[in-house]
Amino acid sequence: MLLQALGKCTRLTKPTIRYAKVQWKNYTISHNIKGGLNVTTRCMHPKHNGLNLWLVRLKSGESSVAKGRNPPKVKLKKRDVTRLIGLAKSEKLVLTAAIGCLIISSTITMSVPFVLGKILDIIFDKDGDKAKQALDKLKHFSLILCGVFLIGGLSNFGRIYLFNSASLRIVRDLRSKLYRSMLNQEVGWFDKKGTGELVNRLATDTYLVGNSLSQNLSDGLRSTVMVLAGTTMMIYTSPQLALISTCVVPCVAGIAIVYGRYVRKITRALLDKLADISKSAEERLGNVKTVKTFSKEEMECKTYDNLLGEALTLGYKETMARALFFGATGMSGNIIIISVLYYGGNLVIQDALSIGALTSFILYAGYSAISLNGLSNFYTELNKGVGSAQRIWEILDRKCLIPLNLGVVPETKPHGEVIFDGVHFNFPARPEATVLNSFNLVLRHGETAALVGRSGSGKSTIASLLLRLYDPLQGRVLLDGVDLRELNPVWLRKHIGAVSQEPVLFSGSIRDNILYGLNPGVSINDSQFDEIVRKAHVNEFTDHLPYGLDTLVGQRGMMLSGGQKQRVAIARALIKNPTILILDEATSALDSVSEELVQNALEQLAKGRTCLTIAHRLSTIRNANTIAVLDNGQIAEQGTYDQLISQDTGAFKELVKKQAFLMNT
């Protein structure tokens, strides 16, 4: 259909193109003909989050398929700057006071050249009887300047302190909002994001935004005030010299605009590269045992060095642009000073201008040049701040597909009957790979249903759908006859306890990790806690530890064995007293003795609860009420253990035979 549409719309012979396995339904096809036989066809799917497929017909008749994303064009827009400044709305009173201090300190600073010029005129006008009068005026001016400079110093202190303290609070609030927004996103969003990338958003990007609203904003406003004041005083002192000085301004302004756009683009690319570096380092350091097991230390170091080299190349580009820009602006400033000295010297010789006035003008010109340089820095840092803010707004503005604050919250606990009705599912990160296809299953209250099948058949995916970590593309998952999409996800997950095949613990004590499973607002006493620890057989190894349940587990539980982590995870699930229990290979890391003890405990705890068990070791599901065998995203067989094993041929019996053979060999 797509090829026919392409041939029909462009009036070309059917192109020969190899396509990946993609659902073409609901795609929007648009064409762009660029002379001759050049044809670009863009296919977009509304469910693929901006995924584009580009089909290109070349003049030679060859065709190619390129799949990717368009690199975003970074532009400094008024609304971006307005929104960036809007982040400081909560600190408007503090920033107003800071701006007041800034105006006072800048005014005092810009009064120095004027006063200095007057003092020089007094000094040079000391002939005859005027010498004593000049000395009195000099003392008077000096005393006034001491008081003024004291006020200026206090104002400068207030400016810096207020701006930076406000920045700390702005960054804190921004990081809090960003972190909350990240955690509230659905799991499918995290599948496409690296942990290092997200941490880089929280650390680097928020810092750059905070810097744009504190020190950079302070310096920018100060430079603006000083440029305006300096220009005004230059015109007041000598309009002729001021006209000469302004000749170079348009050139500098044009260079600043071009430079700012380039730096903004480079900054965004550099931040993306730093995010990749953080992601790579976080993955390797978090899995350092795997790195050492395969002796990949040297390879990982070289990979990291290559990433650093790419970032360094981008840094060189920014440094080159900065050097060219400031070299050009510095040279322009020097040209202005030479011109002022030459023309101003002629005015002094002709008695059209006093020495004090020329000195004041030169100082104002120098202050204005320094302030223009400060404005250039402000513009550069503002571009960096906007680039970082845009990446933050991408997360803050994203609408979560599974919002936590919506949905029905029933007043009573669920009964526990679950129905998978015609479920079709693909992972958002792999839309072309079908995981479940027209999947149907019923989990009855008080019964245990077991899922078996080859790796990758979709067993763990079913558990994720029950927890509503994902929503099915088609079909429904019902709890007591209600579609999970109509229920509040937080309420749903409060009544489901889950133990994954790869339990993850947080750095802290064993006690903290078990108590992590408690629902908000629920508390238990010590006897109830000890009972849960005993049922999960956690006490069997904590009794031999020096600090018992208060022993630290290390990052991701690295200081515990796989079996110990799994027991802690079981206790963490049981402490919720859930209506529905999901056991995804919950005993896979236990030895045979511990497995039998924990399995017996789990079977006792599963009574009266809806239990979904996912197992590779088929011996652990013998007592399940029903067993479903998955194959190609569907149920191939279903029944009790005895019913399935009694069949002459079947997928379940084949799995049992292969597992028994492996165990015997």
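The values are calculated or read from the model by the stated rules, or taken from the named source; none is laboratory data. The structure displayed is predicted, hence computed values, not measured ones. Glycine also receives a Cβ, built like all others from the backbone with ideal geometry; neighbour counts cover every protein chain displayed. Quick note on the areas: whole protein, heavy atoms, side chains included, nothing else; ligands and nucleic acids left out. Shrake-Rupley method; radii C 1.70, N 1.55, O 1.52, S 1.80 Å.
Data for the structure
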quantity	calculated
Residue selected from the stretch 412-437 under the condition open to solvent by 30 Å² or more (accessible area, probe 1.4 Å) and of a type in the set (A, V, I, L, M), by the criterion nearest to Glu502 (Cα to Cα)	Ala429
Answer residue from the stretch 547-563, given it is open to solvent by 10 Å² or more (accessible area, probe 1.4 Å) and at pLDDT 85 or above and is farthest from Leu479 (Cα to Cα) among those	Tyr547
Residues of the stretch 509-543 satisfying the condition of being crowded, with 17+ Cβ neighbours inside 10 Å and under 18 Å from Leu183 (Cβ atoms)	Gly517
Options Leu505, Leu515, Leu465; residue that is over 29 Å from Met558 (Cβ atoms) and in contact (Cβ under 8 Å) with a residue 24 or more places away in the chain	Leu465
Hits in the stretch 166-201 (condition: within 30 Å of Ala98 (Cβ to Cβ) and within 9 Å of the chain's Cα centre (by Cα))	Leu178, Tyr179, Asn200, Arg201
Unique residue being touching a Lys or Arg at 6+ places or on another chain (Cβ under 8 Å), surrounded by 14 or more Cβ atoms within 10 Å (Cβ to Cβ), polar (S, T, N, Q) and at pLDDT 75 or above when the list is Ser218, Ser238	Ser218
Any hit, the stretch 538-548, residues being acidic (Asp, Glu) and under 26 Å from Trp491 (Cβ atoms)	no
Filtered residues of the stretch 523-538 (kept if without any contact (Cβ under 8 Å) to a residue 24 or more places away in the chain and part of a loop (DSSP other than H, G, I, E, B))	Ser523, Asn525
Out of Ala98, Ala134, sole residue that is of a type in the set (Gly, Ala, Ser), modelled with pLDDT of 80 or more and under 30 Å from Thr232 (Cα atoms)	Ala98
Condition check for Ala636: open to solvent by less than 20 Å² (accessible area, probe 1.4 Å), of a type outside the set (Asp, Glu) and assigned by the TED database to the domain that holds Asp512	no
Single unsatisfied condition, Gly128 versus (1) more than 46 Å from the chain's Cα centre (by Cα); (2) small (Gly, Ala, Ser); (3) at pLDDT 75 or above	(3)
Residue selected from the stretch 447-469 under the condition in a loop (DSSP other than H, G, I, E, B) and of a type outside the set (A, V, I, L, M, F, W, C), by the criterion surrounded by the fewest Cβ atoms within 10 Å (Cβ to Cβ)	Ser455
Whichever residue in the stretch 165-196 is acidic (Asp, Glu) and open to solvent by 40 Å² or more (accessible area, probe 1.4 Å) and, among such residues, is nearest to Ala269 (Cα to Cα)	Asp191
The one condition in (1) in contact with a Gly (Cβ under 8 Å, 6 or more places away or on another chain); (2) in a loop (DSSP other than H, G, I, E, B) that His424 fails to fulfil	(2)
Residue selected from the stretch 470-500 under the condition open to solvent by 40 Å² or more (accessible area, probe 1.4 Å) and part of a helix (DSSP H, G or I), by the criterion nearest to Glu585 (Cα to Cα)	Arg493
Among (1) at pLDDT 85 or above; (2) closer than 20 Å to Arg454 by Cα - the single one Ala569 does not satisfy	(2)
Which listed residue is modelled with pLDDT of 80 or more and of a type outside the set (A, V, I, L, M, F, W, C), from Thr267, Thr313	Thr313
Residue in the stretch 616-627 that is at pLDDT 75 or above, over 23 Å from Gly458 (Cβ atoms) and polar (S, T, N, Q) present	yes
Wholly within the stretch 166-229, helices (runs of 4 or more DSSP H) carrying at least 2 residues that are basic (Lys, Arg)	none
The stretch 290-317: number of residues that are out of contact with any Leu (no Cβ under 7 Å at 6 or more places or on another chain) and touching a residue at least 40 places away in the same chain (Cβ under 8 Å)	1
Verdict on Pro503 being assigned to a loop (DSSP other than H, G, I, E, B) and open to solvent by less than 10 Å² (accessible area, probe 1.4 Å)	no
Options Asn405, Asn440: the member that is open to solvent by 40 Å² or more (accessible area, probe 1.4 Å) and outside any loop (DSSP other than H, G, I, E, B)	Asn440
One residue from Ile123, Ile144, Ile151, Ile160 being surrounded by 15 or more Cβ atoms within 10 Å (Cβ to Cβ) and either out of contact with any helix residue (DSSP H, G or I) (no Cβ under 7 Å at 6 or more places or on another chain) or not hydroxyl-bearing (Ser, Thr, Tyr) (or both)	Ile160
